Amino acid sequence: MKDNTKIRQSLSFSNSISSRVTCHASSVTNFYDLCNVSNPQFMTKSEKATALFSQGFNCSQSVLTAFSKEFSLSEDECMKISSAFGGGMGRRQLTCGAVTGALMVLGLHYGRAKGDDISKKVNTYRKTNEFFEAFIRQHGSANCKDLLQGLDMNDAGDFKIIEELNLFQTTCYKCVQDAVEITEMIIQND
């Protein structure tokens with residue numbers, strides 16, 4: 001049996017801040033409207049990712065799509081590539097989808113292709129580990145279930161608690177934002 005005392009105690013805190021990050025996707029025509037951005041070309045990548053996430057795209061889709069232009073990929077291509085990785089890989093709550101989206105970006109940026117030297121693969125793994133270290137330092141884990149306080153999103157009772165605590169709008173939102181920012185930092189510091 002789970003210890004829900006901590007979860008219940010944080011319920012009032014989560015509810016108080018959820019109104020600041022919750023958006024209503026049905027009232028907008030596109031994700032730029034979510035941020036009241038008149039010129040979307042001036043959005044930061046983390047703003048774009050969190051706007052997509054707030055519109056209902058999963059964590060992985062939101063992170064990868066924020067970098068679409070850098071790799072000459074359409075937003076739809078990024079959405080499709082990363083769609084199975086949300087919820088910790090198909091809602092299995094394994095590696096956080098924001099993390100997998102970020103790792104796809106690092107793979108696109110640093111990865112080894114045919115004809116490339118093996119050192120590119122080694123460097124990609126180094127950048128991957130750098131990302132994991134920074135993300136875990138900020139969030140305590142890179143595992144979806146851990147990030148959701150041990151709650152199982154596939155269990156109806158736990159899912160209800162996740163919703164009551166607004167974990168998708170708080171914890172997951174912050175993971176998306178931080179994954180983008182950590183990825184940008186790694187690439188910029190290269």
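The values are calculated or read from the model by the stated rules, or taken from the named source; none is laboratory data. Since this is a predicted model, take the numbers as computed values, not measurements. We place every Cβ from the backbone using ideal geometry, glycine too, and count neighbours over all the protein chains shown.
Against the numbered list (1) free of Cβ contacts under 8 Å to residues at least 12 places away in the same chain; (2) buried (at least 18 other Cβ atoms within 10 Å of the Cβ), I118 comes up short only at (2). A113: part of a helix (DSSP H, G or I), among the small types (G, A, S) and either within 21 Å of A49 (Cα to Cα) or free of Cβ contacts under 8 Å to residues at least 60 places away in the same chain (or both), yes or no? Answer is no for this residue.
Scanning segment 116-133 for residues that are part of a helix (DSSP H, G or I) and of a type outside the set (V, I, T) yields S119, K120, K121, N123, Y125, R126, K127, N129, E130, F131, F132, E133.
Taking every residue in segment 40-57 that is surrounded by fewer than 17 Cβ atoms within 10 Å (Cβ to Cβ) and pairing it with any residue that is at pLDDT below 95, at least 6 positions away or on another chain, the pairs with Cβ-Cβ distances below 9 Å are P40/N30; P40/F31; P40/Y32; G56/A25. Restricting segment 167-189 to residues that are more than 14 Å from the chain's Cα centre (by Cα) and in contact (Cβ under 8 Å) with a residue 12 or more places away in the chain leaves a set whose member that is surrounded by the fewest Cβ atoms within 10 Å (Cβ to Cβ) is M185. Does any residue of segment 39-51 turn out to be assigned to a loop (DSSP other than H, G, I, E, B) and modelled with pLDDT under 95? Checking segment 39-51: at least one residue is assigned to a loop (DSSP other than H, G, I, E, B) and modelled with pLDDT under 95. Here segment 93-110 is the region considered, the condition is being of a type in the set (S, T, Y) and in a helix (DSSP H, G or I), and the residue that is nearest to the chain's Cα centre (by Cα) is T100.
A residue that is out of contact with any Lys or Arg (no Cβ under 9 Å at 6 or more places or on another chain) and aromatic (F, W, Y) occurs somewhere in segment 158-166. Quick one: would you say I81 is in contact (Cβ under 8 Å) with a residue 12 or more places away in the chain, part of a helix (DSSP H, G or I), surrounded by 19 or more Cβ atoms within 10 Å (Cβ to Cβ) and more than 12 Å from the chain's Cα centre (by Cα)? Spelling it out, it is not the case that I81 is in contact (Cβ under 8 Å) with a residue 12 or more places away in the chain, part of a helix (DSSP H, G or I), surrounded by 19 or more Cβ atoms within 10 Å (Cβ to Cβ) and more than 12 Å from the chain's Cα centre (by Cα). Within the option set Q93, Q61, being under 23 Å from T170 (Cβ atoms), at pLDDT 95 or above and in contact with a Lys or Arg (Cβ under 8 Å, 6 or more places away or on another chain) holds for one residue only, Q93. No other residue among G111, G101, G115 is at pLDDT 95 or above, touching a Ser or Thr at 6+ places or on another chain (Cβ under 6 Å) and more than 22 Å from G87 (Cβ to Cβ) apart from G111. The residue of segment 59-78 that is nearest to the chain's Cα centre (by Cα), among those that are of a type outside the set (S, T, Y) and buried (at least 24 other Cβ atoms within 10 Å of the Cβ), is C59.
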